[in-house]
1. Determine whether region 17-32 contains at least one residue that is within 16 Å of the ligand (Cβ to nearest atom) and modelled with pLDDT of 95 or more.
2. Would you point out which residue out of ALA54, ALA89 is part of a helix (DSSP H, G or I) and free of Cβ contacts under 8 Å to residues at least 24 places away in the same chain?
3. Kindly indicate the residue of region 183-206 that is outside any loop (DSSP other than H, G, I, E, B) and surrounded by 12 or more Cβ atoms within 10 Å (Cβ to Cβ) and also nearest to the ligand (Cβ to nearest atom) among those meeting that condition.
4. Going residue by residue through region 62-75, is there one that turns out to be of a type in the set (Lys, Arg) and assigned to a loop (DSSP other than H, G, I, E, B)?
5. When you go through LEU208, LEU122 one by one, which is the residue that is in contact with a Gly (Cβ under 7 Å, 6 or more places away or on another chain) and free of Cβ contacts under 8 Å to residues at least 60 places away in the same chain?
6. When the residues of region 57-73 are filtered to those that are in contact (Cβ under 8 Å) with a residue 12 or more places away in the chain and of a type in the set (Ser, Thr, Tyr), which remaining residue is surrounded by the fewest Cβ atoms within 10 Å (Cβ to Cβ)?
7. How about region 104-142: which of its residues are part of a loop (DSSP other than H, G, I, E, B), open to solvent by 20 Å² or more (accessible area, probe 1.4 Å) and of a type outside the set (A, V, I, L, M, F, W, C)?
Amino acid sequence: MDFRDVIETTGACRFYRPDPLPDEVLAKVLDAARYAPTGGNRQGVRFLVVRDAAKRRQLRDWYLPIWEQYISRATVKPDAPRARLLENADHMARHLDQVPALIVVCAQLDDLLATDRHLDRLSIVGGGSVYPAVQNLLLAARAEGLGTALTTLLCAVEPQVKELLGIPDGIATAAMIPIGYPARGFPRKLTRRPIEEICFGDAWGQPLFVRSAKSS
Ligand SMILES: Cc1cc2nc3c(=O)[nH]c(=O)nc-3n(C[C@H](O)[C@H](O)[C@H](O)COP(=O)(O)O)c2cc1C
């Protein structure tokens, strides 16, 4: 697949076919994740692939109430694209157990170099040694014709998840990624903010390009 096509069409997949994933395809996707950068090249990311049906059901059962609480607080205008997003994400939440594999992404806490931890705000840098690997995984899956969705709600019940999966002390959960063949294909192009809105030149708010670039 063309690299640009992969980037523009790797969306959050909400509808999956139950077909199992061939081991060689799964291995290829996980192999791509390994090449992501990490602070100091510490490589503290681990991937726990849950295929066991009972464990997938348990993860769904824990995910669902957290999702329901989240959605109950979400403000939705009728007919807004957000309403469709939430409806589709709701379907995914209810059917997570039917996705052939759920990848729990873990991080070895000692390997995370959070250079902003002393600032009086939420630390962001620690996650920077984890989520590049996640994005590599998502893109590699797309290139293999697989759908994925980066989710983090389950991290709220990390102690339970760790016990279920035998994850030792010193390891945190960073994401849970359903992965499988998509039941409704891929988006033609993801909806994102135009480049003019998100890129600045030399000072915050100052346009980077003289003439507006094509970015829709
Ligand atoms: C850090 C992060 C956490 C997310 N957590 C969840 C989640 O817990 N559940 C979920 O359904 N989607 C989750 N998402 C997926 C977003 O809803 C999705 O990326 C966004 O709506 C854009 O979707 P699109 O790429 O299909 O356009 C998460 C995305 C990110 C980047």
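The values are calculated or read from the model by the stated rules, or taken from the named source; none is laboratory data. Everything numeric here is computed off the predicted structure, so don't read it as measured data. FYI the Cβ positions are ideal-geometry reconstructions off the backbone, even for glycines, and counts take in every protein chain you see. Calculation scope for accessible area: heavy atoms of the full protein, side chains included, ligands and nucleic acids excluded. Shrake-Rupley method; radii C 1.70, N 1.55, O 1.52, S 1.80 Å.
1. At the first step, the residues of region 17-32 found to be within 16 Å of the ligand (Cβ to nearest atom) are none.
Checking region 17-32: not a single residue is within 16 Å of the ligand (Cβ to nearest atom) and modelled with pLDDT of 95 or more.
2. Only one candidate qualifies: ALA54.
3. First pass over region 183-206, keeping only residues outside any loop (DSSP other than H, G, I, E, B): 195-198, 200.
Narrowing further to those that are surrounded by 12 or more Cβ atoms within 10 Å (Cβ to Cβ): 195-196, 200.
Values: ILE195: 16, GLU196: 19, PHE200: 22 Å.
Filtering region 183-206 for residues that are outside any loop (DSSP other than H, G, I, E, B) and surrounded by 12 or more Cβ atoms within 10 Å (Cβ to Cβ), the one nearest to the ligand (Cβ to nearest atom) comes out as ILE195.
4. So the first thing to find is which residues in region 62-75 are of a type in the set (Lys, Arg), and the list is 73.
Of the ones still in play, those that are also assigned to a loop (DSSP other than H, G, I, E, B) are none.
For region 62-75, residues of a type in the set (Lys, Arg) and assigned to a loop (DSSP other than H, G, I, E, B): absent.
5. Matching residue, one of LEU208, LEU122: LEU208.
6. Among them, the one singled out is TYR70.
7. THR115, ARG117, HIS118, ASP120, ARG121, SER123, listed by residue number.
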